[in-house]
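Chemist: I'd like to ask some things about the structure below.
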Amino acid sequence: MKITVKDVEHVALLARLELTEQDKEKYTQSLNAILEYMDKLNQIDTHDVEPTAHVLPLKNVFREDKLHRTMAKELVLANAPEEEDGCFKVPRIV
Amino acid sequence: MSAQYEVVIGLEVHAELKTDTKIFCSCPTEFGGEENTHVCPVCLGLPGVLPVLNKKVLEYAVRAGLALNCEIASFSKFDRKNYFYPDLPKAYQISQYDLPICKKGYLEIEVNGRKKTIGITRVHMEEDAGKLVHGGATIATSRYSLVDYNRTGVPLIEIVSEPDMRSAEEARAYMEKLKAILEYTGVSDVRMEQGSLRCDANISLRPMGAKEFGTKTEIKNLNSFRALQKAIEYEIERQRDILEEGGKIIQETRSWDEGKGVTVSLRSKEEAHDYRYFPDPDLVPVVIDPQWVQEIRDSLPELPDAKRERLVQEMGLSEYDAGIITGSRALADFFDQVVAEYNEPKMVANWIMGEFLRLLNANNLEVAESKVKPRSLAALLKAQAEGTISGKMAKTVFEEMFETGKEPGTIIKEKGMVQISDEGALAAVVEKVIAANPQSVEDYKAGKEKAIGFLVGQVMKETKGQANPGLVNKLLKDKLG
């Protein structure tokens, strides 16, 4: 599979990234290099290998359904660029 | 519906789970509350935090899955669903993609006397999003929006049906049954008006006999059973009109406008649907112990279908009455508790189906909000059965019980509403009425059976409605030979 500039533009849009023409060129090459490496990994015989869901050998980490302290309201909104009526204020959505 | 198209409907239902805390942090799930006070660094998506799964959420998801006849996965994991929308502070929702906790279930519905099995594709766990309040009349005309993250991270299960429904009635019946099952299992409050149970409908039409599905639209904002049915009916007609004119259905999301009674397009960018799911590295996989699943299975209560069957088979209720009573667990429990005190199931069912539901509906109340307790209704029915009060009095007493929550005995005493069932006391009144109404007596003796009704009425009037009508009837007949 070969990544084109068009793919890069699509992914950039999904990630809300604004790229210059130069960036697009650069990322097309980098992403292709990554995929080439993946192709190499694909050559390994993984017939007897279980699919990996997580890199750590851990499972079943739970917490009990117990209430703890919530954050103070002024801390919650401390970093909000704008607030109104105790809410985060965000620019128009659509 | 014209015969040439077949309707295909699938539902995606979100139910908030009734845990005390959120799915990945220890904040309260309580509805309402001052804006942004039920939050912490985890559900606000601040950098460097680590979500940890609430074990109760897993238990409830398994419980719901078992009640819906699902297979429970032995291995399950969480994934990130990526999209930009300010109701999610992380710009992704933690959900489940390819390894959901439950799959391949079903439930049974009945429409116009016909039973049908509706498949359930999957049930998965995910976090709820925050609440947006738009600055303008609609999202599109707003210059800004306000975000409250209290609901962010409240645990949800999403229940996805197979596209097995063929009419708006079937979709409604499915939703009603699903709501009842979830309510019985106790995993959710299932209050559609508060948003703890939400439904999206996928609808398409295809020529009769076709194998391929037609292009579907997804309808959102279905906040009641009525809205669900009306919106689907509208959408079916809208699509049929387009198809019959030779047009094409556009795959899109539409919203039900309750006030106008129409579905309207919610234009969304095509690109927005690329969620780029990947396993969430912050959460480790879940491996389910079959023994634990069995314990949950053993702890399931009697479910609506089984309960309905029992009410019909063992208590002699009609299918219809049993269906209504078992349609909500609160009502079914109420029924059981009354019957436990006064073992006349049919009589109890009549009162619940009649007076009780009538007053609940008229006052827009839930069973749990009723001031009448099962024990009090049982006491009222006993008083009626023992002849202390008449059926008519019982209704008056019940209305007051419903209004004030007073015990029937208290009301009967306060109103002096004791039925006269003493033959001696009634005999004098009966004599008086016979003497005062010779014409009616003549008529009755001449074979006019109806005349006795008039005489009974006169006795009731004399006694201010307190005479036992059955006894009056008997006394009159005895006297008049």
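Chemist: Just to confirm my filter: which helices (runs of 4 or more DSSP H) fall fully inside segment B:215-323 and include at least 3 residues that are surrounded by 16 or more Cβ atoms within 10 Å (Cβ to Cβ) and within 14 Å of chain A (Cβ to nearest Cβ)?
Modeler: Numbers: elements: B:225-244, B:290-298, B:304-313.
Fully inside segment B:215-323 and qualifying: nothing.
Chemist: Can you tell me which residue within segment A:78-93, out of those that are within 7 Å of chain B (Cβ to nearest Cβ) and not charged (D, E, K, R), is surrounded by the most Cβ atoms within 10 Å (Cβ to Cβ)?
Modeler: Our first condition is that a residue be within 7 Å of chain B (Cβ to nearest Cβ); within segment A:78-93, this holds for A:84-93.
From what's left, not charged (D, E, K, R): A:86-88, A:90-91, A:93.
Numbers: A:G86: 14, A:C87: 21, A:F88: 24, A:V90: 18, A:P91: 11, A:I93: 15.
Here the answer is A:F88.
Chemist: Can I ask one more? Working carefully through the options B:T388, B:T396, find the one that is in a helix (DSSP H, G or I), out of contact with any Leu (no Cβ under 8 Å at 6 or more places or on another chain), in the same structural domain as B:A378 (by TED's automatic domain parsing) and of a type outside the set (K, R). Talk me through it step by step, then tell me what you get.
Modeler: Values: B:T388 fails: in a helix (DSSP H, G or I).
The match here is B:T396.
Chemist: Here is a further query. Residue by residue through segment B:83-128, note down the ones that are modelled with pLDDT under 95 and among the polar types (S, T, N, Q).
Modeler: If the condition is that a residue be modelled with pLDDT under 95 and among the polar types (S, T, N, Q), then B:N112 is the only one that fits.
Chemist: Just wondering, is there one or more residues in segment B:414-424 that are surrounded by 15 or more Cβ atoms within 10 Å (Cβ to Cβ) and modelled with pLDDT of 85 or more? If you could, list the steps in order and put the result at the bottom.
Modeler: As a first pass, look at segment B:414-424 and keep what is surrounded by 15 or more Cβ atoms within 10 Å (Cβ to Cβ): B:417, B:419-421.
Going one step further and asking which of them are modelled with pLDDT of 85 or more, we end up with none.
The answer is no; no qualifying residue exists.
Chemist: Same structure, new question: Checking B:E258 against (1) at pLDDT 90 or above; (2) in contact with a helix residue (DSSP H, G or I) (Cβ under 9 Å, 6 or more places away or on another chain); (3) of a type in the set (D, E, K, R), only one condition comes out false. Which one?
Modeler: All conditions are met except number (1).
Chemist: Which of the residues belonging to segment B:99-127 are assigned to a loop (DSSP other than H, G, I, E, B) and free of Cβ contacts under 8 Å to residues at least 24 places away in the same chain? Explain how you work it out, then say what you get.
Modeler: Start the filter on segment B:99-127 by keeping residues that are assigned to a loop (DSSP other than H, G, I, E, B), which leaves B:99-101, B:112-113.
Correct list: B:G113 only.
Chemist: Within segment B:442-481, can you find the residues that are surrounded by 12 or more Cβ atoms within 10 Å (Cβ to Cβ), outside any helix (DSSP H, G or I), under 50 Å from the mean Cα position of the chain (by Cα) and not small (G, A, S)?
Modeler: Correct list: B:T463, B:Q466, B:N468.
Chemist: Still on this structure: Considering (1) surrounded by 23 or more Cβ atoms within 10 Å (Cβ to Cβ); (2) over 29 Å from B:P301 (Cα atoms); (3) more than 14 Å from chain A (Cβ to nearest Cβ), say which one B:V8 fails and leave the rest.
Modeler: Of (1) surrounded by 23 or more Cβ atoms within 10 Å (Cβ to Cβ); (2) over 29 Å from B:P301 (Cα atoms); (3) more than 14 Å from chain A (Cβ to nearest Cβ), only one is false for B:V8: (1).
Chemist: When you scan segment A:43-50, do you find a residue that is under 24 Å from B:Y277 (Cβ atoms), within 11 Å of another protein chain (Cβ to nearest Cβ) and within 21 Å of the chain's Cα centre (by Cα), even just one? Explain how you work it out, then say what you get.
Modeler: First, pick out the residues of segment A:43-50 that are under 24 Å from B:Y277 (Cβ atoms): A:46, A:49-50.
Now drop any that are not within 11 Å of another protein chain (Cβ to nearest Cβ), which leaves A:50.
When the remaining residues are screened for being within 21 Å of the chain's Cα centre (by Cα), the result is none.
So far as segment A:43-50 goes, no, none of its residues is under 24 Å from B:Y277 (Cβ atoms), within 11 Å of another protein chain (Cβ to nearest Cβ) and within 21 Å of the chain's Cα centre (by Cα).
Chemist: In segment B:123-141, what residues are under 30 Å from B:E59 (Cα atoms) and of a type in the set (V, I, T)?
Modeler: If the condition is that a residue be under 30 Å from B:E59 (Cα atoms) and of a type in the set (V, I, T), then B:V123 is the only one that fits.
Chemist: Only residues in segment B:298-325 that are closer than 20 Å to B:L66 by Cα count as the first member; pair them with residues that are outside any helix (DSSP H, G or I), Cβ under 8 angstrom, at least 6 apart or cross-chain, and list the lot.
Modeler: B:P301/B:G186; B:P304/B:G327; B:D305/B:E108
Chemist: Count, please, the residues in segment B:420-434 that happen to be in contact with a strand residue (DSSP E or B) (Cβ under 7 Å, 6 or more places away or on another chain) and either of a type in the set (S, T, N, Q) or closer than 30 Å to B:V372 by Cα (or both).
Modeler: 1
Chemist: Another question, if that's okay. For the list (1) within 13 Å of another protein chain (Cβ to nearest Cβ); (2) in contact with a helix residue (DSSP H, G or I) (Cβ under 7 Å, 6 or more places away or on another chain), I need the number of the one condition that B:S161 fails.
Modeler: (1)
The values are calculated or read from the model by the stated rules, or taken from the named source; none is laboratory data. Small disclaimer: the values here were computed from a predicted structure and weren't measured. All Cβ positions, even for glycine, are placed from backbone atoms using ideal geometry, and neighbour counts span all protein chains on display.
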